[in-house]
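Presented below is the structure to which this report refers.
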Ligand SMILES: *Cc1c(COP(=O)(O)O)cnc(C)c1O
């Protein structure tokens, strides 16, 4: 759909029914699809014609929702995955394998850090973690001849650092590799990383995109801008024939806009099968219809709560890039001029023990591993999501032992503030 407004894309993007067809995206609850002849089926298997044959690889419900997200991000192709973790893994494994290397911001989601530093390292892929605030020369120094990608998070969960996307994109492109950005917290409503030079975007749609705490999911979007054919030796999987698909060369057959996602679908989804269920894709699509309305309210609540906390003498520090005193205020103004997200991080005076006591006394905010949905929730990362990390790793990830992650939902800011006030007192 050719529209420019983000609200219209949220509501109507990705799916345009024909005459007499369902107005809402239909849930295609079927593992398989029927064909009249084996010859037709064979063409699908050789990627010679488009169509569905088995939901482990592709399903129409998922594709409608993925198309909506591609429109929102301004990309050429997208795919849904079963979770954000699967999206992060596929986004890198699609272009890196055993013996390769990736440069990543150190300020990333704890699950991504573990995936990269432990599990993917076990698969033979090495990661170098750099501070998101590092100078361009230090960033350049992290690259090796076998580096295949750069990874970072627009707004890091839970450290709330803001990535200088242009700085990371420039470095990636100087070294002939793409920049992959996890855009979960900002969502395309508040930042479109492709507009700043990123090449691939990933999401945990579990968060604001679904927005209701209803469905775990992920998404990968390709900008179509990275020219893989300029570096055929670096990206042989995209630029040379795939024997498992009768010698198809993805960049030749599907062009710059389709090669990356087609390969991820045809190889990784086929072999790993981390498909999002069509039911969950439907719920995600429903959530996306109000994303633009919800993000505005999440940001208003985040700003109000951050300002209240900053004025409280029971709080030792507050991190929210909408505060003028925040170290990421300037980057926030550049990349997130309309607001960042509803998540605020802060420290309660008295450290870890005081933080846990405070959280236990909140009535509206529930203690949950979850973040970024309609209901306000909070978490103590050092004792939960980030508990595998030692103190040095926690510091590099921007997570102090007293950090409370408070995720403002869609309730009234005045109620959230009263609740925080009574818990602090
Ligand atoms: C939650 C999260 C993930 C992982 O997503 P799941 O859907 O939980 O697998 C990845 N990145 C960020 C920024 C997240 O917040």
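Just so it is clear, none of the values below were taken in a lab; they were calculated from the coordinates. The structure displayed is predicted, hence computed values, not measured ones. Ideal geometry is used to build each Cβ from the backbone, glycine not excepted, and the neighbour counts take in all protein chains shown.
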*Among DSSP beta bridges whose residues both lie in the chain, state the antiparallel percentage, nearest 5.*
60
*Helix 60-73 vs. the chain, principal-axis angle (Cα, 0 to 90°, nearest 10)*: 60
_Among 414, 244, 37, residue whose mean-square fluctuation peaks in a GNM of the chain (springs only between Cα atoms under 10 Å)_ = 37
*Relative to the compact-globule scaling 2.2 N^0.38 Å, provide the ratio for the alpha-carbon radius of gyration of the chain.*
0.99
*Please say if segment 1-97 is rounded, prolate or oblate, where rounded means a/c under 1.5 for a ≥ b ≥ c the square roots of the C-alpha gyration tensor eigenvalues, and otherwise the choice is prolate for a/b larger than b/c and oblate otherwise?*
oblate
*Rg (Å, one decimal) plus Dmax (Å, integer) for the alpha carbons of segment 133-253?*
16.1, 46
*Could you tell me how many degrees, from 0 to 90 and to the nearest 10, lie between the Cα long axis of helix 413-424 and the main elongation axis, the longest principal axis, of the Cα atoms of the chain?*
60
*asked:* What do you get for the angle between helix 278-288 and the principal long axis of the chain? Use alpha-carbon atoms, 0 to 90 degrees, nearest ten.
replied: 50
_Helix-only estimate, please: 222 nm mean residue ellipticity of the chain, summing -39500 (n - 2.57) across DSSP H runs of length 4 or more and dividing by its residues, to the nearest 500._
-10000 deg cm²/dmol
*Picking from 310, 388, 279, which is most flexible by a Gaussian network model of the chain using Cα springs under 10 Å?*
388
*Between segment 189-220 and segment 370-393, what is the C-alpha centre distance in whole Å?*
19
*Would you mind putting 139-150, 357-368 in packing order, based on average other-beta-carbon counts within 10 Å, highest first?*
139-150, 357-368
*For the chain, modelled as a GNM with alpha-carbon contacts under 10 angstrom, which of 43, 314, 334 fluctuates the most?*
43
*Any idea what log10 I(q)/I(0) is at q = 0.13 Å⁻¹ for segment 357-407, Debye with uniform C-alpha scatterers and no solvent?*
-0.31
_Convex hull of segment 83-183 built on C-alpha atoms - directionally averaged projected area, nm²_ = 5.5
*Scaled to the compact-protein estimate 2.2 N^0.38 Å, what is the alpha-carbon radius of gyration of segment 188-243, rounded to two decimal places?*
1.52
*asked:* Principal axis extents for segment 237-335, Cα atoms only, whole Å, descending order, please.
replied: 67, 32, 22
*Where Rh denotes the Kirkwood radius from the mean inverse Cα pair distance, what is Rg over Rh for segment 339-425?*
0.97
